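In what follows, a single structure is set out as C-alpha cells and then discussed.
Here, each number is a calculation from the coordinates, and none is a lab measurement. All values reported here derive from a predicted model rather than from experimental measurement. Positions of Cβ are generated from backbone atoms using ideal geometry, with glycine treated the same way; all protein chains shown enter the neighbour counts.
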Amino acid sequence: MNLYAPIFVLGAIAVAFAVVSAVMASLIGPSRYNRAKMDAYECGIDPTPQPLGGGRFSIKYYLTAMLFIIFGVEIVFLYPWAVHFDALGLFGLAAMGLFIFNVSVAYAYEWRRGGLSWD
C-alpha cells in the first residue's frame, strides 16, 4: 500500500485544486451578465439564427470526428515503440508490423467505403 500512497496524494491534490478553483471562480468572478456575454460567439460574426430546439449537425461530422480520434489514438501507440525500438528486438518489430497492418486495413476499409470524403 505504501507504493500507492504518492498516487493517492497526487489524486487528492488534483481533486482539491479542481474544487477550490471552481469555488473561487464562482465567488471572485464577475456576476454581471449582459446580452453580449450570453450570446454565442462565432469568430466575430453574428451567430446565425437557429431553430428553437437547436440546429442539427450532419451525422458525417460525428463519424469523421470519431475516425480522427480512433486513428489518432492508434498512432499514439507508435511512440513508445519508436523510443525503445532497439531494445525490443525482432519480437517488437513483428508486433508493430501486425499493429500497422491492422491499422492500414481499417484505414483502407474506411477510405474505400467513402468515410473520409466530404460530400
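Here the spin labels are modelled as points 7 Å beyond Cα on the Cα-Cβ line, and at ALA108 and VAL83 they lie 3.2 nm apart. Exposed loop sites here mean chymotrypsin sites (Phe, Trp or Tyr not before Pro) with a DSSP loop assignment and at most 14 other beta-carbon atoms within 10 Å; the chain contains its longest site-free run at 78-117. Using the alpha-carbon atoms, what tilt in degrees (0 to 90, nearest 10) does helix 5-28 show relative to the longest principal axis of the chain? That works out to roughly 20 degrees. Look at the dipole of the chain built from charges on Cβ: of ALA12, PHE85, ALA36, the Cα furthest out on the positive end belongs to ALA36. Rounded to the nearest 10 degrees, the angle from helix 59-76 to the longest Cα principal axis of the chain is 50 degrees. Once each of the trypsin sites (Lys or Arg not before Pro) sitting in a DSSP loop with at most 12 other beta-carbon atoms within 10 Å is removed, the chain keeps 57-119 as its longest stretch. Helix 85-113 and the longest principal axis of the C-alpha atoms of the chain enclose an angle of approximately 60°. Mind giving me the FRET efficiency for LEU90 and ILE69? R0 is 22 Å, r the Cβ-Cβ distance, nearest 0.05 is fine. FRET efficiency, LEU90 to ILE69: 0.10.
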